[in-house]
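S.K.: First, the structure itself, so that you have it in front of you.
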Amino acid sequence: MTDRIASITPHLIPADARPHPWWSHKAYILVRVETSDGIVGWGECHNLSYREKAIVAIVQAIAPTLIGRASGDIRGLFERAYNSFGQQRPGLDVYCAFAGIEIALWDILGKRLDVPVYQLLGGSLRESVPVYANIYSPHPQTAEDFAAMAAHQVAGGHRAIKLYPFDADTSIAAGVKRLSAVREAVGPNIGLAVDLWRHASPHRAIELARAMEPFDLLWIEDPFAPTDPKTVRYVRDTIRQPLLTGETLPSRREFARLFEERAVDIINPDICLSGILELQAIASMAEAAHVSVSPHNSNSMAIGTAAAIHASLGLSNLEPVEYFPLFETALDDLCQGRPQIVNGQLPRPEARGLGVEVNDAAARKYRV
């Protein structure tokens with residue numbers, strides 16, 4: 001056979017250190033996989049803050065386990081990696097590394113067969129994938145700043161917005177003021193979701209949810225880490241808004257407990273943490289538990305987002321996919337074919353593979 005994995009090479013694109021009023025460019029980890037017959041595929045690893053060097057090292061450590069094996073045997077490759085390299089106990093960093101390689105292998109398979117990846121996954125249920133605009137910023141923002149950014153995204157075609165009006169030290173009154181300003185700026189027909197980013201206690205989460213009831217939210221996200229499904233269920237049963245969690249959980253094994261407890265309404269597994277096969281397995285389990293899926297996607301708006309589209313096109317329980325307009329152009333100097341927003345949707349890609357092409361020459365300086 002000629003389609004064996006010949007090389008697996010991580011690329012680390014550093015964060016943009018330039019001062020900017022909005023978060024424009026974080027660090028990205030891309031994975032280049034080449035086969036023995038010269039087909040190149042690209043994937044992306046979910047980058048956990050300050051762990052990019054560790055994830056790159058794990059990609060390099062996994063590579064010898066996979067090199068020399070058939071590139072199209074994706075299920076077999078990752079069963080082997082999970083059982084041998086991970087010894088059935090991989091941490092989040094290992095899952096991130098797995099996912100980046102797996103996504104690249106799907107890109108290769110699509111290119112080999114001259115079809116888009118979603119066709120290899122069983123086809124499509126829709127012509128486009130809905131998205132919501134995440135307007136997170138690491139910088140302090142006034143209520144007017146929140147409102148201006150939300151209105152800017154709506155003017156650009158987005159129909160749903162996620163924001164972070166509360167942090168651990170924000171008073172209920174101050175957070176509600178920010179949310180009120182956003183609602184006034186975008187009008188009643190734009191969906192709003194609030195992310196608490198795992199900084200609330202169950203008691204505070206319930207207090208915040210009650211204060212936000214007038215805003216008819218799409219969901220409240222991640223009040224605290226979802227490691228105790230019984231407590232998640234308690235909050236879900238107490239609040240009126242839909243409850244979403246799951247971006248920190250890598251596999252169906254962790255999500256199973258949430259489903260067993262009927263603890264959530266919506267989950268958000270990350271495509272570059274779980275990978276395409278695992279995300280679809282999680283979504284199937286969720287569907288049986290009457291839970292919807294809104295894929296987490298704080299990855300690049302190029303490769304990571306393309307993978308999310310392909311994985312999502314066939315999901316019957318799909319909610320909007322996360323999208324970060326504030327750094328959508330971050331990899332445009334390396335990639336062509338980045339998915340483009342049209343009226344709050346990402347159209348179904350029809351190019352072979354993932355549909356995003358990386359310029360090898362431009363990316364070479366980022367090889368590790």
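The values are calculated or read from the model by the stated rules, or taken from the named source; none is laboratory data. On a predicted model such as this, the values are computed, not experimentally measured, just so you know. Here the Cβ positions follow ideal geometry from the backbone for every residue, glycine too, while neighbour counts run over all protein chains shown. Ligands, DNA and RNA are excluded from the accessible area calculation, which covers all protein heavy atoms including side chains. Shrake-Rupley method; radii C 1.70, N 1.55, O 1.52, S 1.80 Å.
S.K.: Reported to two decimal places, what Rg/Rh ratio describes the range 244-287 when computed on Cα atoms with Rh from the Kirkwood expression?
M.R.: 0.91
S.K.: Can you tell me the alpha carbon radius of gyration of the range 98-158 divided by the globular rule-of-thumb value 2.2 N^0.38 Å?
M.R.: Ratio of Cα Rg to 2.2 N^0.38 Å: 1.76.
S.K.: Within the range 234-368, what whole-number % of the accessible surface is contributed by carbon and sulfur, with the 1.4 Å probe and all protein chains included in the calculation?
M.R.: Percent of accessible area from carbon and sulfur atoms in the range 234-368: 43.
S.K.: With θ taken as phi - 60° and the coefficients 6.51, -1.76 and 1.60, list the Karplus ³J(HN,Hα) couplings across the range 332-343 in order, rounded to whole Hz; mark glycine and proline as x.
M.R.: 5, 6, 10, 10, 10, x, 4, x, 10, 6, 10, 6
S.K.: Right, here's the next one. Among ILE13, GLY76, TRP197, pick out the residue whose Cα is farthest towards the positive end of the charge dipole of the chain, where Lys and Arg carry +1 and Asp and Glu carry -1 on C-beta, about the Cα centre.
M.R.: After comparing all options, I get GLY76.
S.K.: For every helix of n ≥ 4 consecutive DSSP H residues, a contribution of -39,500 (n - 2.57) applies; sum these over the chain, divide by its total residues, and give [θ] at 222 nm rounded to the nearest 500 deg cm²/dmol.
M.R.: Mean residue ellipticity, 222 nm, calculated: -11000 deg cm²/dmol.
S.K.: What's the extension gain from ARG364 to HIS290 if we count 0.36 nm per residue and subtract their Cα-Cα distance?
M.R.: My answer for the length gained is 22.1 nm.
S.K.: Taking 20 °C and 1.002 mPa s as the conditions, I'd like the Stokes-Einstein D for the range 202-267 in µm²/s, using the Kirkwood hydrodynamic radius from alpha carbon pairs.
M.R.: 180
S.K.: If you don't mind, there's one more thing I want to ask. Let me spell out the model: positive unit charges on the Cβ of Lys and Arg, negative unit charges on the Cβ of Asp and Glu, origin at the Cα centre of the range 91-153. What dipole size does that give, in debye rounded to 20?
M.R.: 240
S.K.: I've got another one for you. Rounded to two decimal places and with Rh computed the Kirkwood way over Cα pairs, what is Rg over Rh for the range 239-368?
M.R.: Rg/Rh for the range 239-368 comes to 1.01.
S.K.: Starting from the Cα of GLU350, move 7 Å in the Cα-to-Cβ direction to define the label point; list residues of the range 109-133 whose amide nitrogen is under 13 Å from there.
M.R.: Within reach of a label on GLU350: 116, 127-128.
S.K.: Charges at C-beta only: +1 for Lys and Arg, -1 for Asp and Glu. How large is the resulting dipole of the chain about its Cα centre, in Debye rounded to 20?
M.R.: It comes to approximately 440 debye.
S.K.: How many nm separate the modelled label positions at THR142 and SER7, each set 7 Å beyond the Cα in the direction of the Cβ?
M.R.: It is 5.3 nm.
S.K.: Right, another one. State the dimensionless ratio Rg/Rh of the range 317-368 (Rg: radius of gyration of Cα atoms; Rh: Kirkwood radius).
M.R.: Result: Rg/Rh = 1.02.
S.K.: Would you please give the FRET efficiency between SER180 and GLU79, computed as 1/(1 + (r/R0)^6) with r the Cβ-Cβ distance and R0 = 56 Å, to the nearest 0.05?
M.R.: 0.65
S.K.: Express as a percent, rounded to the nearest 5, the fraction of DSSP beta bridges in the chain (both residues included) that run antiparallel.
M.R.: Here the antiparallel bridges make up roughly 50 percent for the chain.
S.K.: So, one more: Got a sec? Which residues in the range 231-266 would a label at ARG89 touch, if it sits 7 Å along Cα→Cβ and we count backbone N under 17 Å?
M.R.: Counting backbone N atoms under 17 Å from the label point, the list is 254.
S.K.: Just to compare against my own numbers: the Cα pair-distance distribution for the range 1-138, 10 Å bins, whole % per bin, please.
M.R.: Whole-percent P(r) values from 0 Å outward: 11, 36, 32, 18, 3, 0.
S.K.: Right, something else. Hey, for a label at GLN119 modelled as a point 7 Å past Cα toward Cβ, could you say which residues of the range 293-319 have their backbone N under 15 Å away?
M.R.: From the range 293-319, the list is 310.
S.K.: Could you work out, for the range 141-291, what percent of all Cα-Cα pairs fall into each 10 Å distance bin, beginning at 0 Å and stopping at the bin that holds the largest distance?
M.R.: 11, 38, 33, 17, 0
S.K.: Can you list residues from other chains, or at least 5 along the same chain, whose modelled amide H is less than 5 Å from the amide H of LYS162?
M.R.: Here the answer is ALA133, ASN134, ILE135, ALA193, since their amide H atoms fall under 5 Å of that of LYS162.
S.K.: Taking only the alpha-carbon atoms of the chain, what semi-axes of the equivalent ellipsoid follow from 5 times the gyration tensor eigenvalues under a square root, in whole Å, largest first?
M.R.: 34, 22, 19
S.K.: Continuing with this model, one more query. Taking the Cα centre of the chain as the origin and placing charges on Cβ (Lys, Arg +1; Asp, Glu -1), which of PRO320, PRO214, ILE282 is farthest toward the positive end of the dipole?
M.R.: ILE282
S.K.: Something else about it: Just to confirm my understanding: which cysteines in the chain have no other cysteine beta carbon less than 4.7 Å from their beta carbon?
M.R.: CYS272, CYS335
S.K.: By how many nm would the segment from SER36 to ALA15 lengthen if fully extended, with 0.36 nm per residue of separation less the alpha-carbon distance?
M.R.: Net length gain for the segment: 4.3 nm.
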